[in-house]
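The values are calculated or read from the model by the stated rules, or taken from the named source; none is laboratory data. Since this is a predicted model, take the numbers as computed values, not measurements. Methodologically, a virtual Cβ is constructed for each residue, glycine included, from the backbone with ideal geometry; neighbour enumeration extends over all protein chains shown. To get the accessible areas, we keep the full protein, side chains included, count just its heavy atoms, and leave off ligands, DNA and RNA. Shrake-Rupley method; radii C 1.70, N 1.55, O 1.52, S 1.80 Å.
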Amino acid sequence: MFGRKPSQISSRPLSPGFSPSRGRSFALCSAIAGCLILSAGCSSLMNKDSKRDAAKSTADLLTVPTPPDLIRQAASPRGLHAIPIEGVGLVNALEQTGGPVDPSTFRDQLIDEMRHKDVEDPNQILELDSTAVVRVVGAIPAGARRGDPIDLKIISPEGSRATDLRGGWLLDTRLRHQQVLDQRLRQSDLMAIAMGPVLTRKTHDIGSAEALALEGRVLGGGRIQVTRKLGLVLRPEYQHVMVSKAITAAINERFFFFDGTTRRGIAKAIEDDYIEIEVHPRYRENVYRMMAVINSIAISPRNDSQARLERLAGEMQDVGKAAGAALQLEAMGENAIPTLVDAAKSSNPELRFYAAEALAYLDRIEAVELLEQAIRSEPAFRQPAFVAMQTMKSPMVVPALKRLLNEPSLETRYAALVTLRKRADGRQMLSGKIHADSFRQIDVASTASPSVVVSLRENQEICLFGNVPPLDIATFVLGPGGLVIKPDETDPGRLRISRFQTGQEDRLAVVPNSIPTLIDGIVTVGGNYGDVVSVLRNAKDKGYLTAQLAFDPLPQAFRTYYRDDEAGEEAEEETE
């Protein structure tokens, strides 16, 4: 028969006091006891495993990883990206070109802000034709400090009835970092406050006039409310308190400043995997350079500095290694100056520039002439060279920058002017005037061709290079807001500047025919920076302004430098 064999019932009498139910209880108790014994055994084994794990963790903590040679091999920089910020603001003082915006999240957000500021009846204000709801967009750059100015972009949202933002003033606007998380809009704490005059794209850009009239900028109108510090994140294999401490000590040995009478380093170990970095004053204008130099610092104090200098001196003669070698030499500080000075004598312009740039951040006078030569001869070196010259304390920088004001290249002249303006010892040497407490006119003596430059970043500023000729107006020039400029009928050497606006008295100014007096006249009849820029552009378009007109002609960063052999190969490819 297939299957399990049937159990046989014993004929032996049961033991006294034993019953089937008690037998089941005994079996259950036996099973429980067995489980307890097994559990105790497992617990014992688990305790032993835990002790082994704890001992291993303790051993890992006591085992200090051997740091690599350079900081960049042990850590990665953090905080070098810009943080986008935005908010919703209100532009007022519009000449009947404003209007309400359709119900939207932007309108609701602005009303909440206005009620928070105890503004009475915000809806009524938003319905006025002298106001317009706008989006305000900006960015907090890496290493920014509280109080630093930033440029802002102004955009009219969809559903706005406004037609032109010209002449408007952006009222106090709060800007925050915004992200959508879990399908909800999240906002950071306050990061910047915005306010200032709006310069519309219509005044200087080419495109659809209607669209450009509803976008603009507020130059330097944002004030940062937070200080951004940089940092280093240690790689997993080097995340140890002793490694973090060693890196911090190496950085502070190289970069420090005096807080009163106390010497203080720029690095602070926050965790075993994170080091906070404060921006050193020398690198305020180039935090990326500072972090690159920090990454090139040797971690462990060693006695092979002479051998390192000899090796890096050799690498400074190799175009493929010179850029990195210059950073390492800059990271070594004063001990590396003789090596950099020798490298700056190279006949190769690329190698000379790498050495000169490092010398500039070490505030060595030898860098001034080298950087001036690089700016004149190679466009790819101009932007970093001007930044390096701005950081130097040497009084020899100002005469070099003044010489560059005579260069044929307009971007070189304007960059030299901007660098002078940012230096305390150069700013006082610039001549000009401030118009209506709003924008600045700078007159620059220059032997180069006459030019007019309009600033579209940081400051409302018009720069006149050389002896700019007067306008040669055949008929008239129109400007925004009813502006009309034409030659005076009784005196061709003078200009009649008129302004006709609905509901206001006509205004008139008669001035000598020159660009400086033209600017004076436009301001006299109530014009602003945007009006002056628009008139200059219209005059240029009609051929009435014979001097060169440019908008922010600054050298671009990250230009490609073509070596002689690469340029030759490229030319051969083009001829084939």
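With Cα atoms defining each centre, the range 100-159 and the range 174-200 are spaced 9 Å apart in the structure.
What the phi angles of the range 425-432 give under the Karplus curve with 6.51, -1.76 and 1.60, with θ = phi - 60°, is a coupling list of 7, x, 4, 6, 8, 8, 10, x Hz, glycine and proline written as x.
Note on exposure: 283, 544 ranked by accessible area (1.4 Å probe, complete protein assembly) read 544, 283, with the most exposed listed first.
Determine the alpha carbon to alpha carbon distance for each of 117/153; 321/345; 202/542; 245/268; 202/540 and list only those over 19 Å.
Distance filter (> 19 Å) returns 117/153.
Taking only the C-alpha atoms of the range 346-411, the Rg (one decimal) and the largest Cα-Cα distance, Dmax (whole number), read 10.8, 30 Å.
For the pair the range 383-403 and the range 432-462, the centres of their Cα atoms are 20 angstrom apart.
Ranked highest first by average number of other Cβ atoms within 10 Å, how do 379-386, 238-245, 113-120, 445-452 line up? Mind showing how you got there, number by number?
On the way: 379-386: 21.5, 238-245: 18.4, 113-120: 11.6, 445-452: 15.9.
My ranking of the peptides, most packed first, is 379-386, 238-245, 445-452, 113-120.
The calculated FRET efficiency for the pair residue 467 and residue 335, based on their C-beta separation and a Förster distance of 45 Å, comes to about 0.35. Among the trypsin sites (Lys or Arg not before Pro) in the range 427-503, none sits in a DSSP loop with a Cβ that has at most 11 other Cβ atoms within 10 Å.
Would the range 230-295 count as rounded, prolate or oblate if I go by the C-alpha gyration tensor, calling it rounded below 1.5 in a/c and otherwise prolate when a/b exceeds b/c, oblate otherwise? Numbers along the way, then the final one.
On the way: a/c = 2.47, a/b = 1.45, b/c = 1.70.
It comes out oblate by the Cα gyration axes.
Highest-first packing order for the peptide set 98-110, 476-488, 163-175 is 163-175, 476-488, 98-110, based on the mean count of other beta carbon atoms within 10 Å. Accessible surface calculations at 1.4 Å, restricted to protein heavy atoms, place the range 274-411 at 41 Å² per residue.
The angle separating the long axis of helix 349-361 from the principal Cα axis of greatest extent in the chain is about 80 degrees. In the chain, the calculated helix contribution to ellipticity at 222 nm averages -11500 deg cm²/dmol per residue, counting -39,500 (n - 2.57) for every DSSP H run with n ≥ 4. The angle separating the long axis of helix 529-541 from the principal Cα axis of greatest extent in the chain is about 70 degrees.
Surface composition of the range 83-224: carbon and sulfur atoms hold 48% of the protein heavy-atom accessible area at a 1.4 Å probe. Annotation for the range 298-377: trypsin sites (Lys or Arg not before Pro) lying in DSSP loop with at most 12 further Cβ atoms inside 10 Å of their Cβ are 302, 345. Oblate is the label for the chain, because a/c, from the alpha-carbon gyration tensor with a ≥ b ≥ c as root eigenvalues, is 1.5 or above and a/b does not exceed b/c. For the range 83-224, the equivalent ellipsoid derived from the Cα gyration tensor has semi-axes of 23, 19, 14 Å, listed largest first.
Any chance you could tell me what percent of the C-alpha pair distances in the range 433-551 go past 24 Å?
Details: 1420 of 7021 pairs.
When every Cα pair of the range 433-551 is considered, 20 percent fall beyond 24 Å.
Taking a cut-off of 21 Å, what percent of all Cα-Cα pairs in the range 282-375 are separated by more than that?
Working: 1090 of 4371 pairs.
Cα-Cα pairs in the range 282-375 separated by more than 21 Å: 25 percent.
By how many degrees, between 0 and 90 and to the nearest 10, does the Cα long axis of helix 379-391 differ from the longest principal axis of the chain? For 379-391 against the chain, the angle is about 80 degrees.
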